[in-house]
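The values are calculated or read from the model by the stated rules, or taken from the named source; none is laboratory data. The structure displayed is predicted, hence computed values, not measured ones. With ideal geometry, Cβ positions are generated from the backbone for all residues, glycine too; neighbour counts draw on all protein chains shown.
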Amino acid sequence: MRAWWELYKKELYTLSFLLLVVLLLIFAWNLFLFFKIDVWPKGISFLLSFLPFNFFPLIVLWQAYNSYQQEWKDETNYFILSIPRRGWEIGLAKIAAFMTFFITVSLFAFILILIFQQGLIKEIMERIKEYAIDMGAIYRIVLMLIFVYWITALGVYIRVQFSQIFSLFYSRFRGLITIIVFIILNYFMIRLGFILSRFFRWCPEITLESLNLSGPFFTSLDRVINSGFIVASMLLHAAIFLLGSWIIEKHLEV
């Protein structure tokens, strides 16, 4: 465990400069919008404060693609292939380090919105109370959306990383190969997800909370979905992660 922790810290250190740059950019953007609150039409600054969340997926794609690519490009792959750790341990350290990075920047952006846009947020909260909306439901929905955002990022990272690992067998056109493998992989994972979900119908259903307009008021509405496809998708992601780790460990040479 200690050896894995050291590997995790090494991966986190490689992301430290990017983390600092992204945090500074997010802060600068929110500070800029803060000074435009009374200048621009009402609500514009608030809406634009969520703009960084549209760019975070690009970071997911880039970092997943470079998770192993950079080591092969810099010809330091011999270190990865020679350390006495299993392939899945190396892959898990990379994923854990990136998710630490991703959760940090997304939480930082969200907290800055709450700080710099608190005036409009308080006004929105007052309007919500006028419509007799359960505040607890609002908080639960926000937390659910944040969790889904993180899980989606994790899934995309794993799929892109596997696609990029596959491209390491070739010395040319690795970017194009990664894109092609990623598209094919997504297609087959969706198809297999629906097929395998039939074997998980016994899994308990998941209740998701949403808001429903009932007359002049909003009410909290529970929507029930079958968890079979979700379980199948999780297993498929675990499978391609282990397969990619096995390829790194057994079939890629220095």
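Tabulated results
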item	result
Residue match in the stretch 188-199 (condition: among the charged types (D, E, K, R), over 30 Å from M135 (Cβ atoms) and modelled with pLDDT of 90 or more)	yes
Pairs with Cβ under 8 Å, 6+ apart, first in the stretch 140-160 and under 17 Å from T207 (Cβ atoms) and among the basic types (K, R), second at pLDDT 90 or above and surrounded by fewer than 16 Cβ atoms within 10 Å (Cβ to Cβ)	none
Among the candidates A153, A137, residue that is under 27 Å from K42 (Cα atoms), part of a helix (DSSP H, G or I) and hydrophobic (A, V, I, L, M, F, W, C)	A137
Residues of the stretch 155-195 satisfying the condition of being over 14 Å from A238 (Cα atoms), buried (at least 18 other Cβ atoms within 10 Å of the Cβ) and β-branched (V, I, T)	I165, T178, V181
Which listed residue is touching a strand residue (DSSP E or B) at 6+ places or on another chain (Cβ under 8 Å) and of a type in the set (G, A, S), from A137, A97, A109	A137
Any hit, the stretch 221-235, residues being at pLDDT 75 or above, in contact with a Gly (Cβ under 8 Å, 6 or more places away or on another chain) and under 14 Å from I158 (Cβ atoms)	yes
Scan of the stretch 25-71 for residues that are acidic (D, E) and surrounded by 15 or more Cβ atoms within 10 Å (Cβ to Cβ), ordered by number	E71
Meets criteria (on the phi > 0 side of the Ramachandran plot and modelled with pLDDT under 90) for A132	yes
Among (1) surrounded by 12 or more Cβ atoms within 10 Å (Cβ to Cβ); (2) under 17 Å from the mean Cα position of the chain (by Cα), the one test that W4 misses	(2)
Scope the stretch 176-194; condition free of Cβ contacts under 8 Å to residues at least 40 places away in the same chain and either small (G, A, S) or touching a strand residue (DSSP E or B) at 6+ places or on another chain (Cβ under 8 Å) (or both); matching residues	none
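Conditions (1) of a type in the set (S, T, Y); (2) surrounded by fewer than 14 Cβ atoms within 10 Å (Cβ to Cβ); (3) farther than 27 Å from W29 by Cα, marked per residue:
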{"residue": "I95", "(1), (2), (3)": "no, no, yes"}
{"residue": "T104", "(1), (2), (3)": "yes, no, no"}
{"residue": "G119", "(1), (2), (3)": "no, yes, no"}
{"residue": "V148", "(1), (2), (3)": "no, yes, no"}
{"residue": "A153", "(1), (2), (3)": "no, no, no"}
